[in-house]
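Down below is the structure, laid out as structure tokens.
The values are calculated or read from the model by the stated rules, or taken from the named source; none is laboratory data. Please read all numbers here as calculations on a predicted model, not as lab measurements. All Cβ positions, even for glycine, are placed from backbone atoms using ideal geometry, and neighbour counts span all protein chains on display. These area figures cover heavy atoms from the full protein model, side chains too; ligands, DNA and RNA do not enter into them. Shrake-Rupley method; radii C 1.70, N 1.55, O 1.52, S 1.80 Å.
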Amino acid sequence: MTKQTDLIHAIPVDELTGAISVPIYQTSTFVQDAPGVNKGYDYARSNNPTRHALESVLAKLEGGDRAFAFASGLAAIDAVIKLLDAGDQVIAVQDIYGGAYRLFTHIYSRLGIDVVYVDTTDAENVRNAITDRTRLIWLETPTNPTLRISDIAAIAEIAAAHNVLLCVDNTFASPVLQQPLLLGADIVVHSATKYLGGHSDLIAGAVVTKDAELGDRIKFIQNASGAILAPHDSWLVLRGIETLYLRVQQHSESALEIAKWLLLHPAVDQVYYPGLSSHPNHEVAAGQHKGGYGGVISFTLKTDTEEAACAVVTATRLFKLAESLGGVKSLLCHPATMTHKSVPAERRRMSGVADSLVRLSVGLESAEDLIADLEQALLTASTVAKSDVEELRFAVV
Ligand SMILES: *Cc1c(COP(=O)(O)O)cnc(C)c1O
């Protein structure tokens, strides 16, 4: 059976009524026959049948032992860090998601957990950073917004040799394209707000564990800290997952086409997309990704100014100007003034986020229409002469 078929049928039919869609158990508690005698559910923070159905599917998607659904991606990240003790150290990917950086820097450093940031695109940097206090390696691959790729299997080997846990934030790739647990990671986290949900209509997170022991520890933290996903949102994520394969395949196909088109555009300087052979980590990506490279592309303009980028991001019609990614509708943003605004300009530029960098989340509109939208926006922003663009259209056809 293909993975897609398997996934669709992993979503259970309701045993009680035969409902083909998982019922939303909108309840806080469950009536017990006698103290401690119940039907497997007692209080809805601890467990809820709708959430449980989602968690089983998430575990299957990532090839994990168990999964846990949280109220946001950050709540999922928070639950993983709570595995650690004061004095422990984390080695994290340099261009980590900004919200994770804020959580680590402003909350966990106060509680005695240190995070050191290294360029994980070279696995040797990870090996060299390990000390006897290192307990966890935190990867994101591809990263945001320059889509750097780290070699999960190589870093998993280093982690295992030093008895250190490896956690991978798999939000950008989704389990359709990349399954870190099968490459040796111990834990996967997701912002299910993005591809898993897929419709820009909820905030949710997930943790998936490789083995039962880690599963028990995350389950304890989920129940003890309480940042669970609500039943209705659990149902929405389940519904999103039903079309995950189709969506991610289409996002990837369209993104590759758009990335190739951008490469040839006279107003565009760099194009960041792991599916392009010009991407510095393309070979690792090609080995690690299955069936595509996802829907996020970043590019910079030859006129490398905030003004030029802002002119482009306000001139598109189909690409809507908003933070987030992974939805049916295409989005775009300008990291320098939006997601990365709080990063000092010098640091931001050094990490590859140029003043003119634009990030696209390629949605499910046709690639042809999205290209036409970008073409008119780049022209409206008058970063190139009209004749150059017409010449380009001729070349692409
Ligand atoms: C959005 C995002 C998060 C945070 O998820 P929320 O659902 O917004 O809390 C974490 N990691 C990555 C890579 C993200 O893109």
field: Number of positions in the stretch 135-157 that are in contact (Cβ under 8 Å) with a residue 40 or more places away in the chain and either more than 20 Å from the chain's Cα centre (by Cα) or assigned to a helix (DSSP H, G or I) (or both)
entry: 3
- prompt: Is it fair to say residue 122 is out of contact with any Cys (no Cβ under 9 Å at 6 or more places or on another chain) and either outside the structural domain of residue 64 (by TED's automatic domain parsing) or away from the ligand (no atom under 16 Å from the Cβ) (or both)?
  reply: yes
field: Matching option when the condition is more than 12 Å from the ligand (Cβ to nearest atom) and closer than 26 Å to residue 219 by Cβ, among 111, 103
entry: 111
message: Let me spell it out: the conditions are (1) closer than 22 Å to residue 324 by Cα; (2) assigned to a loop (DSSP other than H, G, I, E, B), and residue 132 meets all of them except one. Which number is the exception?
response: (1)
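For every residue, the table says whether it meets (1) surrounded by 16 or more Cβ atoms within 10 Å (Cβ to Cβ); (2) under 30 Å from residue 82 (Cβ atoms); (3) at pLDDT 95 or above; (4) more than 16 Å from the ligand (Cβ to nearest atom).
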residue	(1), (2), (3), (4)
198	yes, yes, yes, no
212	no, yes, yes, yes
219	yes, yes, yes, yes
224	no, yes, yes, yes
238	yes, yes, yes, yes
- request: Give me a count of the residues in the stretch 182-196 that are within 16 Å of the ligand (Cβ to nearest atom) and more than 20 Å from residue 327 (Cα to Cα).
  value: 3
task: Looking for whichever is in the same structural domain as residue 120 (by TED's automatic domain parsing) and within 16 Å of the ligand (Cβ to nearest atom) here; the options are 61, 54, 16, 83. Which one fits?
output: 54
statement: Listed by range, helices (runs of 4 or more DSSP H) wholly within the stretch 1-115 having at least 1 residues that are over 30 Å from residue 148 (Cβ atoms) are 3-10, 49-62
task: Kindly indicate whether residue 163 is of a type outside the set (Val, Ile, Thr), more than 14 Å from the ligand (Cβ to nearest atom) and at positive phi.
output: yes
- prompt: Counting only residues that are surrounded by 24 or more Cβ atoms within 10 Å (Cβ to Cβ) and under 19 Å from residue 184 (Cβ atoms), which one in the stretch 200-210 is farthest from the chain's Cα centre (by Cα)?
  reply: 209
field: Top-ranked residue of the stretch 1-45 - restricted to ones that are among the β-branched types (Val, Ile, Thr) and within 19 Å of residue 229 (Cβ to Cβ), ranked as modelled with the lowest pLDDT
entry: 11
- prompt: Filtering the stretch 15-29 down to residues that are touching a helix residue (DSSP H, G or I) at 6+ places or on another chain (Cβ under 9 Å) and not aliphatic (A, V, I, L, M), which residue is least open to solvent (accessible area, probe 1.4 Å)?
  reply: 23
